[in-house]
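Student: Pasting a structure here, questions to come.
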There are 2 protein chains.
Amino acid sequence: MARVGNLMSVRNDVKVFDATLRDGGLCNNFEFTDEFVRELYWTNIKCGVDYMEMGYRASKKLFNPEEYGKWKFSSEEDIRAIIGENSSSMKLAVMADVGRCDLEDFLPKSESVIDMVRVACYIHQLPAAIELVEKLHNLGYETSCNIMAVSQVNENDLKNALDMLGQSSVDVIYLVDSFGYFYPESSAALVKLYVEYAEKYNKKVGFHGHNNQNLAFGNTIETLSYGASYVDATVSGMGRGAGNCAMELMLGFLKNPKYNLFPLLKFIENYIPPLKEAGVKWGFDIQYMITGITNSHPKDAIRFTNEGRTDYSDFYRDILDL
Amino acid sequence: MARVGNLMSVRNDVKVFDATLRDGGLCNNFEFTDEFVRELYWTNIKCGVDYMEMGYRASKKLFNPEEYGKWKFSSEEDIRAIIGENSSSMKLAVMADVGRCDLEDFLPKSESVIDMVRVACYIHQLPAAIELVEKLHNLGYETSCNIMAVSQVNENDLKNALDMLGQSSVDVIYLVDSFGYFYPESSAALVKLYVEYAEKYNKKVGFHGHNNQNLAFGNTIETLSYGASYVDATVSGMGRGAGNCAMELMLGFLKNPKYNLFPLLKFIENYIPPLKEAGVKWGFDIQYMITGITNSHPKDAIRFTNEGRTDYSDFYRDILDL
């Protein structure tokens with residue numbers, strides 16, 4: 001399968017997806033200030049970003065709203081209080097985790113400020129994810145399905161899952177490198193498989209990377225070159241653990257003149273240092289590299305980070321000893 | 001051109017090249033402590049690193065030794081004072097910049113502790129580089145030629161240069177991304193060209209990346225997969241500006257059991273925090289991304305860094321206005 005376009009191309013199928021509030025919210029318990037959210041919204045519009053994810057829409061039955069910032073739940077009222085009816089051409093999204101959301105929290109699209117719901121699941125939850133996708137599709141939303149931790153899934157299960165998604169109403173199928181295990185070569189190989197199924201069923205493919213091996217951006221643009229069109233990025237790579245593909249790298253890379261880096265640099269100058277100074281932590285470090293190369297969940301590396309440890313060799317020994 | 005091997009392969013042609021003292025020396029004026037150099041030497045041996053570059057061998061006529069640390073000059077005596085005769089199987093190298101070194105500083109190989117001399121040049125210096133390569137080859141050294149700033153070279157000149165190098169006595173031809181301009185896709189395309197010439201003339205190809213767009217590691221493993229075999233890396237990516245491919249990422253990637261990550265993690269714990277605390281600066285930041293995407297020398301970004309500035313948007317405007 002040949003590359004799609006080239007490094008100078010303008011590809012109108014590409015959609016830049018800002019996941020800062022959602023994946024970045026995992027770093028600060030979703031406690032962004034209203035000013036941060038409002039300014040990020042306007043920045044994204046000025047930068048030409050295509051979709052902005054406002055957060056999760058988690059179940060208030062399962063999670064106590066008093067224990068999280070409001071972007072864990074991203075209610076219609078909270079979104080509207082900040083950005084009104086979204087009269088821009090940028091689309092808004094929320095993420096719904098299978099088994100951790102309530103369908104009753106989703107209005108019909110005609111009454112909602114949200115355009116897309118991204119359904120996240122593990123492979124064993126795929127039938128539940130498809131059921132949720134169908135209900136959200138029937139409410140009028142665009143949908144994606146993001147199968148997480150796919151680096152631990154066997155290829156036969158994955159092919160079956162992609163075929164089932166192909167036959168569903170989902171619009172976008174996301175390749176997700178939850179553990180930051182992929183290399184450009186493996187990302188390219190897998191995205192070709194996703195694109196093969198997507199083309200058969202007239203779906204789009206997206207990529208969501210993690211930066212455990214400093215490859216979130218490199219893997220993202222490799223998948224783009226082999227036919228992914230939805231690309232996730234976050235401001236300064238803010239996201240769980242080692243973080244995600246940095247939006248500034250993505251906007252610096254894309255040649256389509258609709259994208260504009262300058263407003264994002266202004267936003268970063270003003271709003272990222274206060275987060276860092278408040279102790280919010282994310283970004284590449286060796287402990288994340290170690291969970292990446294061992295294809296494991298970053299939770300031990302996050303604990304190591306939060307404990308302020310730098311004894312990387314002990315961490316490596318302990319991980320290999322599990 | 002197909003990939004060479006795969007992500008599980010052991011490739012015996014691969015040579016891991018530690019450039020910490022040389023490219024990292026550009027961050028601290030080559031003022032490493034003797035302990036740092038000695039421990040790095042033993043760490044590299046324990047890790048299975050194939051070559052260790054001790055520094056530049058710069059002309060003491062052009063550069064005043066009192067103004068630099070000793071690894072700007074890497075004399076035989078200074079090397080031997082730290083590591084003796086190098087009875088290990090790891091090879092030692094120095095870098096010689098065309099026009100900034102003196103041939104008289106190079107003993108015959110039989111009297112030297114050095115195995116390889118890497119000749120760095122700009123494309124217009126290629127005939128001078130080849131003359132130097134021939135003299136060093138005749139002294140008995142392995143040689144490489146590292147054409148710098150090749151992202152600004154037109155393809156016809158480059159092909160002529162590669163053909164001239166092919167006909168020379170050089171052993172390794174290095175693809176060098178001095179400005180951090182390349183993507184995995186462009187790195188792959190260029191290394192295929194280098195490998196095409198190298199195979200015709202029975203030479204090896206190396207890659208030296210910079211991390212301006214957080215792609216030093218990603219680009220390095222892409223070039224590896226398309227036939228490069230000498231891969232430069234530095235401890236924690238220490239190198240000018242945004243730095244280089246991190247050795248820890250490279251050792252974590254390679255599957256050959258001769259490579260061992262653990263000793264390097266110990267070294268990093270002990271020796272990198274003191275450098276950072278002393279104010280030695282390197283690593284990815286937005287100013288380096290901006291000089292990377294504009295294919296320009298990092299000197300303005302280094303000045304911005306040293307001035308402690310974070311007004312990235314002003315820097316971007318100024319760079320575009322040049």
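Derivation of every value follows stated rules applied to the coordinates shown; laboratory data play no part. No experiment lies behind these values; they were computed from the predicted model shown. Here the Cβ is made from the backbone with ideal geometry for all residues, glycine too, and neighbour counts use every protein chain on show.
Student: Take the Cα pairs of the protein assembly as shown, get the Kirkwood Rh, then feed it into Stokes-Einstein at 10 °C and 1.306 mPa s and tell me D in µm²/s.
Tutor: Details: Rh = 25.7 Å.
The diffusion coefficient I find is 62 µm²/s.
Student: Of A:Ser87, A:Tyr181, A:Ile147, which is farthest on the positive side of the dipole of chain A, counting Cα position, with +1 on Lys and Arg Cβ, -1 on Asp and Glu Cβ, and the Cα centre as origin?
Tutor: A:Ser87
Student: Provide B:Lys204, A:Lys258 in ascending order of the number of other Cβ atoms located within 10 Å of each residue's Cβ, fewest first.
Tutor: Neighbour counts put them in this order, fewest first: A:Lys258, B:Lys204.
Student: If you don't mind, there's one more thing I want to ask. With charges only on Cβ, +1 for K and R and -1 for D and E, what is the dipole size of chain A about its Cα centre, in debye, rounded to 20? Each step should come with its number before you reach the end.
Tutor: Values: 32 positive and 44 negative charges, 132 e Å.
In total the dipole reaches around 640 debye.
Student: I need the per residue convex hull volume for the stretch B:12-61, using only the alpha carbons, in cubic angstrom as a whole number.
Tutor: Working: hull volume 4.1 nm³, N = 50.
Convex hull of Cα atoms, per residue: 82 Å³.
Student: Beyond 29 Å, what share of the Cα-Cα pairs of the stretch A:15-277 is found? Please give it as a whole percent.
Tutor: Cα-Cα pairs in the stretch A:15-277 separated by more than 29 Å: 25 percent.
Student: Residue by residue through A:210-223, how many Cβ atoms from other chains fall within 10 Å of the Cβ on average? Could the numbers behind the result be given before it?
Tutor: Working: counts 0, 1, 1, 8, 11, 8, 2, 7, 13, 2, 0, 6, 6, 0.
Mean partner shielding for this stretch: 5.
Student: On a C-alpha basis, how far is the centre of the stretch B:51-83 from the centre of the stretch B:125-165 in Å? Whole number, if you could?
Tutor: Centre-to-centre distance over Cα atoms comes out at 23 Å.
Student: A further question follows. Please get the size of the charge dipole for the protein assembly as shown, origin at its Cα centre, with Cβ charges of +1 on Lys and Arg and -1 on Asp and Glu, quoted in debye to the nearest 20.
Tutor: Working: 64 positive and 88 negative charges, 165 e Å.
About 800 debye.
Student: Additional query: Per-residue counts of other Cβ atoms within 10 Å, averaged by peptide: what ranking do you get for A:35-41, A:2-8, A:74-80, highest first? Working shown, then result.
Tutor: Working: A:35-41: 18.7, A:2-8: 11.7, A:74-80: 17.0.
Listed from highest to lowest mean packing, they are A:35-41, A:74-80, A:2-8.
Student: Something else now. Can you give the relative contact order of chain B as a percent, counting alpha carbon pairs under 8 Å and 6+ residues apart? Before the final figure, lay out the partial values.
Tutor: Values: 631 pairs, mean separation 59.1, N = 322.
Relative contact order here is 18 percent.
Student: Just to be sure I follow: if Rg is taken over the C-alpha atoms of the stretch B:36-86 and Rh is the Kirkwood radius over the same atoms, what is Rg/Rh?
Tutor: Numbers: Rg = 12.2 Å, Rh = 11.9 Å.
In the stretch B:36-86, Rg relative to Rh is 1.02.
Student: Grab the other residues whose beta carbon is less than 10 angstrom from that of A:Asn6, score K and R as +1, D and E as -1, and report the net. Don't skip to the end; give the middle numbers.
Tutor: Numbers: positive: A:Arg3, A:Arg11, A:Lys255; negative: B:Glu185.
Here the count lands on +2.
Student: Just which residue of chain B brings its Cβ nearest the axis of rotation onto chain A, and by how many angstrom, rounded whole?
Tutor: Taking Cβ atoms only, the nearest residue and its distance are B:Gly218, 2.
Student: So if each residue of separation counts as 0.36 nm, and I subtract the Cα-Cα distance between A:His124 and A:Glu31, what length gain in nm does that give?
Tutor: Here the segment from A:His124 to A:Glu31 would lengthen by 30.4 nm.
Student: Hey, if you put +1 on the Cβ of every Lys and Arg and -1 on every Asp and Glu Cβ in chain B, which of B:Gly237, B:Phe63, B:Phe106 ends up farthest toward the positive end of that dipole?
Tutor: Selected residue: B:Gly237.
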